[in-house]
Amino acid sequence: MIKNKKTLVIIDSNALVHRAFHALPELTSPQGKPVNALYGFLLVFLKVLRELDPEYIAAAFDLPGPTLKKKFYKEYKAKRAKAPDELYQQIPLIKDFLNLFCVSIFEKQGYEADDVIGTIAKQATKRQISPELEVIIVTGDLDALRLVDKNIKVFTLRRGLKDTIIYDEDKVKERYQGLNPEQLTDFRALRGDPSDNIPGVTGIGEKTAIQLLNKFGNIDKIYSLLSRGEDLEGVRESIQNKLKDYKEQAYFSQTLAEIELNVPTEFKLEDCKKENLDKDKIVKALESYGFFSLIKRLPESKQISLGNF
């Protein structure tokens, strides 16, 4: 593959683990351990190495315990059902495989993986290297689309684990009917997000939120006009009244929806450049879990690195 940019892949590990666990039926290792999430994660991971051919790679994880957002709003993500123990049991196994592939792992107590990913992605693209660096976030959901810019893309799953799509700025606009990635935080502030229990503005749904942001740009502009007593041209009176009544809730939701971009981290790009993997160890580990089909996805050469998948 000939590229005019170097690539840093950042894996949103918890999102991918959840997606893999629910996408695949129950699967056990020869020792009787549940391994469907592990298998699905590795399936996507090897696909990423093969298709994206990254020079650098990192993985971010959530840590147990309350996050700053949870402390700020105890109902944040409160409606999410706790994942079964069989899923959490597989996370250490996934970390073991990432270590075999020499992938740098980043996690920070009190912060979500999204915050860690956002911080690393923005830090990496601010630093000038030659050739220019492109960041691709690999995830199982669409939350990371807010981070997309000219140097950051999102590789995500549409259906199952094989149907994938890469979102750049144009794809985000297409998905959200004209909205830019930087408008997606305000989109959630207006529409809310049931999965994260973000309230939004009561009575405003996806269609209306998109129309408002396409017309006025952001919620600051909307509330600047309303605070001066000006009419929002073309917006029904009932919608304007809802915006006025739930102004505080809108800004509260905006705070919850934001991705923190200043997580304390010891990220160094060069630490994410890994070569000369121990293929024998990787093969033995895959064999121990009965993942013989994944062995066939490794490069045939005895000496392997991230650059020859």
Fill in: Pairs where the first residue, in the stretch 241-253, is without any contact (Cβ under 8 Å) to a residue 24 or more places away in the chain and the second is part of a helix (DSSP H, G or I), C-beta under 9 Å, 6+ apart
K244/Y223; K244/L226
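A quick yes/no check of all residues on (1) surrounded by 11 or more Cβ atoms within 10 Å (Cβ to Cβ); (2) not assigned by TED's automatic domain parsing to the domain that holds A144:
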| position | (1), (2) |
| --- | --- |
| E233 | no, yes |
| Y246 | yes, yes |
| K273 | yes, no |
| D278 | yes, no |
| I282 | yes, no |
| G290 | yes, no |
| L294 | yes, no |
Item to complete: With respect to F72, determine if the residue is surrounded by 15 or more Cβ atoms within 10 Å (Cβ to Cβ) and either free of Cβ contacts under 8 Å to residues at least 40 places away in the same chain or among the aromatic types (F, W, Y) (or both).
Response: no
Worksheet item: Scanning the stretch 1-54 for residues that are among the polar types (S, T, N, Q) and over 18 Å from the mean Cα position of the chain (by Cα), which turns out modelled with the lowest pLDDT?
Response: N4
Item to complete: Give L232, L190, L261 a once-over and let me know the one that is touching an Asp or Glu at 6+ places or on another chain (Cβ under 8 Å) and in contact (Cβ under 8 Å) with a residue 12 or more places away in the chain.
Response: L261
Worksheet item: Hey, among the residues in the stretch 206-237 that are at pLDDT below 95 and of a type in the set (G, A, S), which one's farthest from the chain's Cα centre (by Cα)?
Response: G229
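Each row is one residue, and each column tells you yes or no for (1) buried (at least 17 other Cβ atoms within 10 Å of the Cβ); (2) in contact (Cβ under 8 Å) with a residue 12 or more places away in the chain; (3) outside any helix (DSSP H, G or I).
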{"residue": "I11", "(1), (2), (3)": "yes, yes, yes"}
{"residue": "H22", "(1), (2), (3)": "no, no, no"}
{"residue": "P25", "(1), (2), (3)": "no, no, yes"}
{"residue": "A37", "(1), (2), (3)": "yes, yes, no"}
{"residue": "G40", "(1), (2), (3)": "yes, yes, no"}
{"residue": "L43", "(1), (2), (3)": "yes, yes, no"}
{"residue": "V48", "(1), (2), (3)": "yes, yes, no"}
Worksheet item: Taking the stated definitions as given, is I222 more than 23 Å from F72 (Cβ to Cβ), part of a helix (DSSP H, G or I) and touching a Ser or Thr at 6+ places or on another chain (Cβ under 8 Å)?
Response: no
Worksheet item: What pairs can you find where one residue is in the stretch 148-160 and at negative phi, the other is assigned to a loop (DSSP other than H, G, I, E, B) and at pLDDT below 95, and their Cβ atoms are less than 8 Å apart, with a gap of 6+ or different chains?
Response: N151/E132; V154/L142; T156/G140; T156/D141; T156/L142; L157/G140
Worksheet item: For the stretch 83-109, which residues satisfy the criterion of being in a loop (DSSP other than H, G, I, E, B), within 16 Å of E266 (Cβ to Cβ) and not hydrophobic (A, V, I, L, M, F, W, C)?
Response: E107, K108, Q109
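The values are calculated or read from the model by the stated rules, or taken from the named source; none is laboratory data. Note that the coordinates shown come from a computational prediction; the quantities given were computed from them, not determined experimentally. With ideal geometry, Cβ positions are generated from the backbone for all residues, glycine too; neighbour counts draw on all protein chains shown.
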